[in-house]
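What follows is one structure encoded as structure tokens, with my remarks underneath.
The values are calculated or read from the model by the stated rules, or taken from the named source; none is laboratory data. Quick caveat: nothing in here was measured; it's all calculated off a predicted structure. Please note: Cβ atoms are built from the backbone with ideal geometry, for glycine as well, and neighbour counts cover all protein chains shown. For the accessible areas, the whole protein counts, side chains as well, though only heavy atoms, and no ligand, DNA or RNA atoms are used. Shrake-Rupley method; radii C 1.70, N 1.55, O 1.52, S 1.80 Å.
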Amino acid sequence: MVQRAERVNRGGNAKRPVGNITRGTTNPNRLRRVDRWLAGPQAWRLRTEDSPLVVDLGYGASPTTAVELYQRLSTVCPTVRVAGVEIEPERVRVAKALEHEALTFHVGGFEVPVPGSPVMVRAFNVLRQYEEADVQAIWDLVASRLSPQGIFVDGTCDEIGRRSTWVALDRSGPLSLTLSMRFGAFELPSDVAERLPKALIHHNVPGEKIHSFLQALDAKWLAAAPLGAFGNRQRWVESVRRMRDDGWPIQAGPARWRLGEVSVDWAAVAP
Ligand SMILES: C[S@@+](CC[C@H](N)C(=O)[O-])C[C@H]1O[C@@H](n2cnc3c(N)ncnc32)[C@H](O)[C@@H]1O
């Protein structure tokens with residue numbers, strides 16, 4: 001069932017969370033690809049504070065992905081604190097049984113009502129349930145809550161996390177788009193288009209930059225087909241390398257590409 005996108009509820013009074021209760025669909029291990037990125041190339045942000053705060057915004061019907069986020073980040077930063085924020089109060093009541101000193105759960109919305117400024121906010125499969133017209137205001141509100149080195153990750157994935165995309169923003173605005181896919185879970189890179197973040201999903205049409213990017217990546221993937229004899233990993237790495245050689249502002253290097261990931265400057269794909 002696809003839920004119709006909704007306009008954001010702006011709170012109205014100081015006590016009402018900003019946002020709307022939506023379906024709570026989630027799955028264990030669903031967010032492993034973005035967590036690996038947060039615990040990898042983004043981990044330096046955790047080290048900018050003694051006891052950094054990370055928020056899982058909209059964790060869903062079960063708090064599993066918030067627990068996993070804590071487990072994954074605490075291996076690279078043992079002093080990390082994770083706060084799960086959910087707009088549906090019953091989901092918070094249930095999650096409270098799992099609380100400990102470094103993992104807490106709170107009722108709230110995009111205003112992120114937790115003490116302190118988070119160094120990471122991960123909102124996965126949350127904004128896709130809102131209308132595109134509200135995305136900029138949501139980004140601005142969440143980004144205003146970040147610490148100086150903080151990032152907000154607004155992303156989307158399929159039910160079991162094999163195809164995933166996310167936009168990363170800091171307090172100055174959007175920085176990058178990342179695509180991350182399991183090898184074997186796509187025929188063409190553009191298969192990920194149906195999982196693009198809300199800001200881009202309606203723009204995958206000729207004349208838009210995200211469309212050009214995905215078309216170019218498809219072309220590189222097809223051209224690199226002979227490398228498939230050595231495995232899809234090699235084929236993907238070569239495809240991304242050729243994108244970079246053509247001038248696309250690809251971030252990071254082969255160590256990330258090998259994981260089925262590619263990050264590109266936001267400016268190259270922005271609507
Ligand atoms: C589809 S679930 C996603 C769960 C999990 N993040 C995942 O990706 O598996 C979306 C959740 O976000 C919650 N939600 C929607 N808008 C929100 C908001 N403004 N603030 C906090 N939670 C919100 C919904 O109530 C729902 O539980």
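Across region 163-256 the C-alpha pair distances fall into 5 Å bins from zero in the proportions 2, 13, 23, 26, 21, 10, 4, 1, 0 percent.
Helix 64-76 and the longest principal axis of the C-alpha atoms of the chain enclose an angle of approximately 70°. With a point put 7 Å past each Cα toward its Cβ, work out how far Val76 is from Leu188 in nm, to one decimal. Placing both labels 7 Å along Cα→Cβ, they lie 3.3 nm apart.
The long axis of helix 232-245 is offset from the longest Cα principal axis of the chain by roughly 80 degrees. Residues in region 46-58 carry Karplus couplings, in order, of 5, 7, 7, 9, 5, 9, x, 9, 10, 10, 9, 9, x Hz; the curve used is 6.51 cos²θ - 1.76 cosθ + 1.60 with θ = phi - 60°, and Gly or Pro positions show x.
Net charge dipole, region 18-167: roughly 540 debye, given to the nearest 20, about the Cα centre with Cβ charges of +1 for Lys and Arg and -1 for Asp and Glu. Subtracting the Cα-Cα distance of Lys15 and Asp50 from 0.36 nm times their residue separation leaves 9.5 nm of extension gain. Neighbours of Trp248 by Cβ distance under 11 Å: Lys/Arg scored +1, Asp/Glu scored -1, total +2.
Computed 3J(HN,Hα) for region 179-192, one whole-Hz value per residue from the Karplus formula 6.51 cos²θ - 1.76 cosθ + 1.60 where θ = phi - 60°, is 10, 9, 9, 6, 5, x, 9, 8, 9, 10, x, 5, 4, 6, glycine and proline marked x.
Amide H contacts of Gln251 (H built 1.01 Å from N, in plane; Pro and chain starts excluded): Ser263, Val264, Asp265 sit under 5 Å, all sequence-distant by 5 or more or on other chains.
Averaged over its residues, region 89-212 has an accessible area of 39 Å² per residue, based on protein heavy atoms and a 1.4 Å probe. About its Cα centre, the chain has a charge dipole of approximately 380 debye under the convention of +1 per Lys or Arg Cβ and -1 per Asp or Glu Cβ, with nothing else charged. Distance between the modelled labels on Ala225 and Asp246, one decimal in nanometres: 1.6 nm (7 Å Cα→Cβ projection).
Every Cα-Cα pair in the chain was counted, and those over 28 Å apart are 33% of them. A viscosity of 0.692 mPa s and a temperature of 37 °C, combined with the Kirkwood radius over Cα pairs in Stokes-Einstein, give a translational diffusion coefficient for region 38-186 of 212 µm²/s. Take region 83-123, compute every pairwise Cα distance, and split them into 10 Å bins from 0; I just need the percent in each bin. Cα pair-distance distribution for region 83-123, in percent: 29, 58, 12.
List the lysines whose Cα sits under 30 Å from the Cα of Lys15, skipping any in the same chain fewer than 8 residues away. List returned: Lys96, Lys198.
Could you please report the charge total around Val85, scoring K, R as +1 and D, E as -1 over all other residues with beta-carbon less than 12 angstrom from its beta-carbon? Here the charged neighbours net out to -1.
Amide H contacts of Gly109: Val18, each under 5 Å away and 5 or more positions distant or on a separate chain (H built 1.01 Å from N in the peptide plane; Pro and chain starts excluded).
For region 11-87, the spread of Cα coordinates along the three principal axes comes to 37, 29, 17 Å, biggest extent given first. With n ≥ 4 as the cut-off for DSSP H runs, can you work out [θ] at 222 nm for the chain, using -39500 (n - 2.57) per run divided by the number of residues, rounded to the nearest 500? One gets -8000 deg cm²/dmol as the mean residue ellipticity at 222 nm.
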